[in-house]
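In what follows, a structure is listed as structure tokens, so that the remarks can point back to it.
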Amino acid sequence: MKLNKLFLSLILSVATVFIYAQEKLTFSIQGGVNYSSLRFEDDRITDHDSEVGYLFGMSSNFYLGKKLYLDIEVNYERKKVSVYVSKIFINSVSFGGDFRNFDIYEFITLPVMLRYEIGEVNSFYVKGGPFLGYLLTAKEKINDGDLSQNLSEYFTDFDFGFSIGIGKIFSLDSSNKLMLELRNNIGLTNINNDPRSQYTKTNSLNFIVAWNFVL
């Protein structure tokens, strides 16, 4: 509960800072798809495949000067991978065999990134910065069937990593822009606290479409 309040307080504090720091607010509403993978060390997992998930959220953009912006986002992200395992546990009972399970992780993420625009009109941009993720739930569908189990207790509440992306801006008018972005989120921390596993780190390639507007 304390961690939940800390994460919520962090989001509200960051939002308050950039709202009062700007005379004119610029917001973005965004959504897209992700292609997730894992970096792991687990004797039970023989291999894994990346799967397609999705994300949506909003951000505010603070102009720092000379084509440099600070983008602060709050996103919901649903990451999905399929893992091949030689052993599964259901209600603490072990079953051996060859299983292909689908693991689904749902996060609230807070990326804070610097964006630099290249060009004058309809410019390209590059961006990068850290992100903090809060795990809402982790669950597993066994052999893609009806049988599933909640895995949240085997993972930590927080993920931390670095995001880097490139994008293109299309100006619609003086107050509205369309932004297309390809971004890679690289998790740097071990999110697995299962004693049967050495570590698990996240990774996702994201294609994001954002509508940027001025209030």
Considering only residues that are open to solvent by less than 80 Å² (accessible area, probe 1.4 Å), at pLDDT 90 or above and in a strand (DSSP E or B), which ones fall in segment 172-201? Asn176, Lys177, Leu178, Met179, Leu180, Glu181, Arg183, Asn184, Asn185, Ile186, Gly187
I'd like to check which strands (runs of 3 or more DSSP E) are fully inside segment 63-143 and have at least 3 residues that are modelled with pLDDT under 90 and farther than 24 Å from Gly187 by Cβ. 68-90, 93-118
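Residue under question is Glu153, and the condition is that it be charged (D, E, K, R) and either open to solvent by 60 Å² or more (accessible area, probe 1.4 Å) or under 17 Å from Asn101 (Cβ atoms) (or both); does it hold?
Values: charged (D, E, K, R): yes; either open to solvent by 60 Å² or more (accessible area, probe 1.4 Å) or under 17 Å from Asn101 (Cβ atoms) (or both): yes.
So Glu153 fits the description; yes.
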Tell me, yes or no, whether segment 141-154 has at least one residue that is closer than 16 Å to Val81 by Cα, in contact with an Asp or Glu (Cβ under 6 Å, 6 or more places away or on another chain) and of a type in the set (Asp, Glu). no
If I go through segment 183-207 residue by residue, how many of them are within 23 Å of Ser82 (Cβ to Cβ) and under 13 Å from the mean Cα position of the chain (by Cα)? 12
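Find the residue count for segment 30-44, including only residues that are over 16 Å from Ser82 (Cβ atoms), modelled with pLDDT under 85 and not in a loop (DSSP other than H, G, I, E, B). Lay out the reasoning, then the answer.
Filtering segment 30-44 for residues over 16 Å from Ser82 (Cβ atoms) gives 30-33, 41, 43.
Next cut, modelled with pLDDT under 85 only: 41, 43.
In the following step, the residues that additionally are not in a loop (DSSP other than H, G, I, E, B) were identified as 41.
Selection size over segment 30-44: 1.
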Output the residues belonging to segment 27-86 that are of a type in the set (D, E, K, R), within 23 Å of Pro130 (Cβ to Cβ) and open to solvent by 50 Å² or more (accessible area, probe 1.4 Å). Arg39, Lys66, Lys67, Arg78
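The values are calculated or read from the model by the stated rules, or taken from the named source; none is laboratory data. Remember, it's a predicted structure, so these values are computed and weren't measured experimentally. Glycine gets a Cβ as well: all are built from the backbone with ideal geometry, and neighbour counts include every protein chain shown. These accessible areas exclude ligands, DNA and RNA; they are computed on the full protein's heavy atoms, side chains included. Shrake-Rupley method; radii C 1.70, N 1.55, O 1.52, S 1.80 Å.
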